[in-house]
């Protein structure tokens, strides 16, 4: 039987990693460690470069739409690597029959969000495929940014040391549940709104106030648990998280209990993990909290002095458990 | 009745232009004239940036596959603007159920073509959607390149003058007919092979031998006729083409007669239009012909001393006719 691609391989978890490692990385000769954006420093070029396809279903959801999501996602991928986003490309694959009004609304959201994030959309492409050959609209955005050499270390976390503090800029799981609630096939409506936002200005403030930011990553597909496991594997060190410190809004908690989801694995589109040197966490937290996009920031844990690449969750009930890398899919087409 | 997107709007002709102008350009504030790649020269960045989604049906065709096509297309978009392609991103939208072997073969083609073109694929993304929600595989490649300030004028043709010579690097229409022939629903097989190729090395030779290349463009979706009409509109000048000088292979001619296609409107993936200053055409032609990718190069016409933006075709029978911008679609999903 021939092996085929499954939805699991798009989930951002173990199977996605296996696919990327086995099919893409070795053939393209991409330098490891794998990050969401590439530092390009050769042949007269000194930029950060990233790309993402967006296939979110449905196109519109509380707090945003596929266009806003595409701009925020790409801006954030650049910003968490320590780069200043400068310009974006946008490529549209449109299903024949898409209402032109929907496209216009989505494009307008992209333009608005780009203006807010102070980036320019400078080039694009449009393809139309026959009805039934794609699902309404897919958007692929790529982005380029400039980076100060002082920040090169951030995306690979090479300055991380035991004792460094882990901070998130607000509550987790809202994006995934907002999208889920907007799906027509579900019988419930949630009060949850996607956190979809461009975080480059917020990140800029953090980098200005602290010269000791050791790592940042946006908590998208696969959620906090995936990012923590990727980080632990990358730096070869244990990470300790205090479950009670992880901010999760009450409606998200309630829905997760009802639906059987773990919010630590749910996608966010306006949340990042920041690793700051011990001692810098208070000023980082203060500057985050002074911004609407970081007002619910919390210190959630720290880098352990432990050579085992694993994530330990100190539960609210006083126990400890390993927070595993997700296997399989929680929610397809969340971004 | 609400207006919906039609296949015509993806054809590269008049309707595509209208869609791009009305929906994208004014909202994104993209500087006109529109070219396939953007010159980014601000905030510490000095690059050329381009993006294209590939939705070719079928994935495999004589002379290439969607992966090779994606790399060649993006490399060529950069190269015709006078840039040296440096690195590419690749984003994959995969339909659940795609044989992993097909994906591996396609990714390997991308790696091989990138090596041939001397570019690096440095970052990527993978999404998987449910069966029936996309057509096997779509790939979006973006590319960045460096550019010598001496070449900034090329993509907008600002040095074009009456008398400048138009050159193409070989026969037209092969890609479109190779893809058409490979479609299962068609009952014929053609001996035609796609011309899909990365032309950056060839273009590099041309730019080295002549400092008077006034414009270049790859002859993809919409073919030569579309590029000529776009050029005439951009420079506000007439263009004269000698039908008998336009190289078209005999099998392509035969198939076009049989199927009712005009090869001047068919997509190519390894062909470019070069506009060279009068007097430089012979040395440009010689260097093109010395390369396998340019061995069938021809001088096909010239820039007229005529303030009307139109393309005049001097037919083989001795008449003249206007070569119009295509309206509607010839072949969907050719790239």
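Computed from the coordinates by the stated procedures, all read-outs in this text should not be read as laboratory data. Small disclaimer: the values here were computed from a predicted structure and weren't measured. Here the Cβ is made from the backbone with ideal geometry for all residues, glycine too, and neighbour counts use every protein chain on show.
Enter the mean number of other protein chain beta carbons within 10 Å of the beta carbon of each residue in B:103-115, as an integer.
Working: counts 7, 5, 0, 1, 6, 3, 1, 3, 5, 1, 0, 3, 2.
The shielding value for this peptide is 3.
State, to one decimal in nm and shortest first, how far the label point of residue B:283 sits from each corresponding label point in the other identical copies (label point: 7 angstrom along Cα-to-Cβ).
In ascending order, 6.0 nm.
Among B:43, B:217, B:18, which one moves the most in a GNM of chain B with springs linking Cα atoms closer than 10 Å?
Result for chain B, Cα springs under 10 Å: B:43 fluctuates most.
Computed FRET efficiency, Cβ-Cβ of residue A:159 and residue B:321, R0 56 Å: what is it to the nearest 0.05? Numbers along the way, then the final one.
Values: r = 68 Å, r/R0 = 1.22.
With a Förster radius of 56 Å, E is 0.25.
Would you please put B:109-122, A:253-266, B:220-233 in order of how densely packed they are, using the mean number of other Cβ atoms within 10 angstrom per residue and starting with the highest?
B:220-233, B:109-122, A:253-266
Pairs of Cα atoms under 8 Å, at least six residues apart: use those to get the relative contact order of chain A, whole percent.
After rounding, I find 24 percent.
I need to check one value: relative contact order of the stretch B:157-322, counting alpha carbon pairs closer than 8 Å and at least 6 residues apart, in percent.
43
Among A:166-174, A:96-104, what's the highest-first ranking by average C-beta atoms within 10 angstrom per residue?
Details: A:166-174: 26.0, A:96-104: 17.1.
Result, highest mean first: A:166-174, A:96-104.
Take peptides A:299-308, A:123-132, A:237-246 and line them up by average Cβ neighbours within 10 Å, highest first, as a rough protection proxy.
Most protected by this proxy first, the peptides run A:123-132, A:237-246, A:299-308.
How well do other chains shield peptide A:142-155, expressed as the mean number of their Cβ atoms within 10 Å of each residue Cβ?
Across the residues of A:142-155, the mean count of other-chain Cβ atoms within 10 Å is 2.
If you restrict to DSSP beta bridges whose two residues both lie in the stretch B:7-151, what percentage is antiparallel, to the nearest 5?
Around 75 percent antiparallel, to the nearest 5.
If you take every DSSP beta bridge whose two residues both sit in chain A, what share of them, in percent to the nearest 5, is antiparallel? The partial results should precede the final answer.
Values: 45 of 58 bridges.
If we restrict to bridges inside chain A, about 80 percent are antiparallel.
Report, for the protein assembly as shown, the % of DSSP beta bridges that are antiparallel, rounded to 5. Mind dumping the intermediate values first?
Numbers: 93 of 119 bridges.
Bridges in the protein assembly as shown are about 80 percent antiparallel.
Say a label goes 7 Å from Cα toward Cβ at residue B:21 in every copy; what distances in nm does this one have to the rest, shortest first?
Taking the point 7 Å beyond Cα along Cα→Cβ, the inter-copy spacings are 5.2 nm.
Taking the label point as lying 7 angstrom from Cα along the Cα-to-Cβ axis, what are the distances from residue B:58 to the corresponding position in the remaining copies, in ascending order and in nanometres?
3.7
At 222 nm, what helix-only mean residue ellipticity would the protein assembly as shown give, in deg cm²/dmol to the nearest 500, using -39500 (n - 2.57) for each DSSP H run of four or more? It would help to have the intermediate numbers written out before the result.
Working: 16 runs with 180 residues, N = 670.
Taking each H run of at least 4 residues, the total per residue is -8000 deg cm²/dmol.
Just counting partner chain Cβ atoms within 10 Å, what average do the residues of peptide A:79-87 show around their Cβ?
That works out to 2 on average.
How big is the protein assembly as shown in terms of Cα radius of gyration and Dmax, in angstroms?
25.7, 91
Sort the stretch A:157-322 into rounded, prolate or oblate with this rule: let a ≥ b ≥ c be the square roots of the eigenvalues of the Cα gyration tensor; rounded if a/c is under 1.5, and if a/c is not under 1.5, prolate when a/b is larger than b/c, oblate otherwise.
Values: a/c = 2.04, a/b = 1.37, b/c = 1.49.
It is oblate, given that a/c is not under 1.5 and a/b is not larger than b/c.
Separation between the residue B:258 and residue B:150 pseudo-spin-labels, each 7 Å from Cα along Cα→Cβ, expressed in nm?
Taking the two extended label points, one gets 4.8 nm.
Roughly how many nanometres apart are two label points built 7 Å out from the Cα toward the Cβ at residue B:305 and residue B:233?
Result: 2.8 nm between the two label points.
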